[in-house]
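A quick write-up on the structure given underneath.
Please treat every number below as a calculation from the coordinates, not as lab data. For clarity, every value in this text was computed on a predicted model and none was experimentally measured. Every residue, glycine among them, receives a Cβ derived from its backbone with ideal geometry; neighbour counts consider all protein chains shown.
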Amino acid sequence: MADTIREQIIAAFVTRAGFWLTAGGFVHNCGSTVQRGIPHADENDLPACIVLPQIEEVTQQYGVNACKMNLRVEAVAAIGTTNPSIVQEQLLGDVIKLMTDPAVTVTALIDDILYTTGGPASGFQGEDTTVAVFAEFTITYETLSGNPYSQGS
């Protein structure tokens, strides 16, 4: 059976996360390790990007479901000799660019994507060797009522 529209959108953003590389204009290479739905990255696989699909809200209109899906993206990187706060801000900037760059069409299935919240995933402790950030996005799209596999014509 075909994938739902939601699944196709999630898969497109997971694929997009693989382009999070310095060669693509980003500060970090989080695209070298992309995980979906697994909220922890192994320190041997850093830097890493984690794509976590979240809940969605649906408004029913005549024949159409107007969907607003939340997608959380987390990034983890080693600190090295750079100030941890600077690394976190670099990661946050990278993830916002990755997900919302208007020059990149990730998939034609979405109507819009909005950055809604983000920042450091946790406070930094002196013994920490890694830092993490998160960013959440709201993605709007439509499906036919009763048919999550089709957007109609």
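General remarks:
- The simple spin-label model puts a point 7 Å past each Cα toward its Cβ; for T116 and H40 those points are separated by 2.7 nm.
- Residues in the stretch 87-103 that a label on T140 would reach, taking backbone N under 19 Å of a point 7 Å out along Cα→Cβ: 99-103
- Within the chain, longest stretch clear of exposed chymotrypsin sites (Phe, Trp or Tyr not before Pro) (DSSP loop, no more than 14 other Cβ within 10 Å): 63-148
- Value of [θ]222 nm, deg cm²/dmol, for the chain, DSSP H segments ≥ 4, -39500 (n - 2.57) each, nearest 500: -6500 deg cm²/dmol
- Label point at T4 placed 7 Å out along Cα→Cβ; residues across the stretch 106-142 whose backbone nitrogen lies under 13 Å: 142
- Dipole check for the chain: with +1 at the C-beta of Lys and Arg, -1 at the C-beta of Asp and Glu, and the Cα centre as origin, the magnitude is about 260 Debye.
- Value of relative contact order over the stretch 55-153, rounded to a whole percent, pairs C-alpha under 8 Å and six or more apart: 39
- In the stretch 49-153, GluC sites (Glu not before Pro) in a DSSP loop with at most 13 other beta-carbon atoms within 10 Å: E127
- 10 °C / 1.306 mPa s Stokes-Einstein diffusion coefficient of the stretch 1-70, Kirkwood radius on C-alpha pairs, µm²/s: 114
- Of (1) 10.0; (2) 11.2; (3) 10.6, the label for mean projected area of the Cα convex hull in nm² derived from the coordinates: (1)
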